[in-house]
1. Helix-derived [θ] at 222 nm for chain A: sum -39500 (n - 2.57) over DSSP H runs of at least 4, divide by residue count, nearest 500?
2. Please check chain A for the longest run free of GluC sites (Glu not before Pro) that are loop-located per DSSP (anything but H, G, I, E, B) and have at most 14 other Cβ atoms within 10 Å.
3. When the Cα centres of segment B:198-243 and segment B:43-62 are compared, how far apart do they sit, in Å?
4. With 22 Å as the limit, write out which pairs from B:Lys160/B:Lys190; A:Lys164/B:Lys112; A:Lys292/B:Lys112; A:Lys184/B:Lys133; B:Lys94/B:Lys160; A:Lys82/A:Lys178 have Cα-Cα distances beyond it, or answer none.
5. For segment A:159-235, max minus min Cα coordinate along each principal axis, in Å, sorted largest first?
6. Under unit Cβ charges (Lys, Arg +1; Asp, Glu -1), what dipole magnitude, rounded to 20 debye, does chain B have relative to its Cα centre?
7. Extending each Cα 7 Å along its Cβ direction at A:Leu126 and B:Ile113, get the distance between those two points in nm, one decimal.
8. Once every DSSP H run of n ≥ 4 in chain B is given -39500 (n - 2.57) and the sum is divided by its residues, what mean residue ellipticity at 222 nm do you get, rounded to the nearest 500 deg cm²/dmol?
Amino acid sequence: MIDYLVTILLIAGIYAIFALGLNLEWGFTGLLNFGHVGFMAVGAYTTVLLSMNNGVPLLLSVLAGMVLAGLLGAFLGIPTLKLRADYLAIVTIGFSEILRYLLLNEEWLTNGPIGLCGFPRPFQDLVPIQSYNLFFLVVVLSVLVIIYSGIELLIRSPWGRVLKSIRENEEIATSLGKHVFSYKVQSLALGSMIAALAGSLLAFYLQYINPRNFMPIETFYAWIIVVLGGSGNNKGVLLGAVLFWGFFSGSRFAQEYLPLSPTQVGSMRVMFIGLMLIILMMFRPQGILGKKEELSLER
Amino acid sequence: MNADMLRVKGVSKSFGGIKAVDNCNLNVERKSIVGLIGPNGAGKSTLFEIITGFEQPDAGEVFFRNENVVGLPSFKIARQGLVRTFQIPQALNKMTVLENMMLGPQLQRGEKIWNVLLRWPQVKKEERAVREKALSVLDFFDLLPMADEYAGALSGGQKKLLSLARTLMTDPEMLLLDEPFAGVNPTLSKKLIGHIHELKEEGITFLIIEHGIPYIMELSDTVYVLNKGEIMTSGEPGDVISDRCVLEAYLGDTDAQGG
Ligand SMILES: Nc1ncnc2c1ncn2[C@@H]1O[C@H](COP(=O)(O)OP(=O)(O)OP(=O)(O)O)[C@@H](O)[C@H]1O
Ligand SMILES: [Mg+2]
């Protein structure tokens, strides 16, 4: 039972980090990123490939993944962030799918659909295998605390104030001398770095990665977590991640008691999540921790 | 060298078939208040958009302190001290009134991500000063009780006030105000006019679009009249207002003057 709880918290922690990156982009800057998972994949594969084949220290390979994802975020943002919001959505989802096909097909590098395993994990020689998950939970939660506090600090700073002003009204921000475009690029790059960090952690947790870990649905899990908790509310993201994965894993228990095949339970789960979102939108459209007053303030 | 703060030379702009601004020339002397009037759709707001870089002109030049600013991105024009407000009252709705104000000052240290992460004490200190200033400006505009409310909860008139107050936070050289008194009650408008005169004494230059003729009379050193995209006439407010053609343009009726 404890093992089970640890597993849920691990995955919820990793996805909380992942969704915090999206919340920075969407909740605070108003950027529509539909390819967040692509940056997660960049983090996971970069970390694994560097540490496994080239013996690069783990911490360095995690940082390398983050830097690469940040650069890619900026690279995608520069041509699109001057255009209407939906262009970024199209380009990012395209990017994440192209990347997944590259990972599937460039077998010499990524081992294609079979994926990669047997790569090093942090402190694997020091921590006994039976308690590794518990140890890794501590690692994930520490990273989560750092990322959460860092983002909170940033969004309460004048820098974050500019981001919020862009979310609210770009023209006003511009009229006050703010370089809107540059802040959007920064937000997207930083959000992508955070996604990459979550990707590295996911790889360590899974011990085995393949392109199927990075399907577009993962991006929408992050969106569900953000919307569930309340866009622009980092505490809400934490709560959303726990609720989402709690439910997701809990529904596996249901399988034992329901006369359904695993595939059917999988489909039921997705249906049920959809239903929950519809109910949420009807009764608490601002998300669980979102502020009600803000809804009436839309332009 | 020219003493004018702003010189608009031969500026034209069409939207499809409509000539919104047609070969406009306009000068604003340093430390003066210039009024810009004209009927609805005359092209006043469009001229503002062009001056502040929000729209590109089809032809013509705009000199701000003797530098041609046409083609410069609008945020850079604002950083040079040429700051505008919008005709439609707009606010950063899901930010508090105080946050709206604190966004104003340009090139704040804490607007750079590295400074936030590495020089927090300095950022914090600057932030305190910005806050003090914001509160005192809000007080002047009778908005202090609203400081912690969402800006989206303000009335249209209050949003107008807030946008004017916010531009003052930028330490502007010159302000372009698009109908600053629309929706603001007469008492407060009077107070604002007094304050605009004070700000002029402190060295700020103004170009103001306003439909309220009495306000324009009280405020301006010079008035320009725009009609169908063209500057029809300009001069002292008293002379311009009594101009027959101006009345005609405004009221579409020559007899109005006599009546
Ligand atoms: N972005 C735009 N696209 C198309 N037409 C425009 C645009 N902006 C302005 N126009 C047109 O240009 C003309 C001038 O509009 P403008 O807003 O400058 O008038 P105005 O003098 O500010 O009027 P008002 O006193 O009603 O505010 C109008 O005919 C308007 O329809
Ligand atoms: Mg107008």
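The values are calculated or read from the model by the stated rules, or taken from the named source; none is laboratory data. As the structure is a prediction and not an experimental result, all values here were calculated from the model. Cβ sites come from the backbone with ideal geometry, for glycine too, and all protein chains shown count toward neighbours. The protein model used for the area step is the full one, side chains on, heavy atoms only, and it has no ligands, DNA or RNA in it. Shrake-Rupley method; radii C 1.70, N 1.55, O 1.52, S 1.80 Å.
1. On the way: 13 runs with 221 residues, N = 299.
That calculation yields -25000 deg cm²/dmol at 222 nm.
2. A:107-297
3. One Cα centre to the other: 18 Å.
4. A:Lys292/B:Lys112; A:Lys184/B:Lys133
5. 50, 25, 21
6. My answer is approximately 1120 debye.
7. 3.0 nm
8. Result for chain B, helices only: -11000 deg cm²/dmol.
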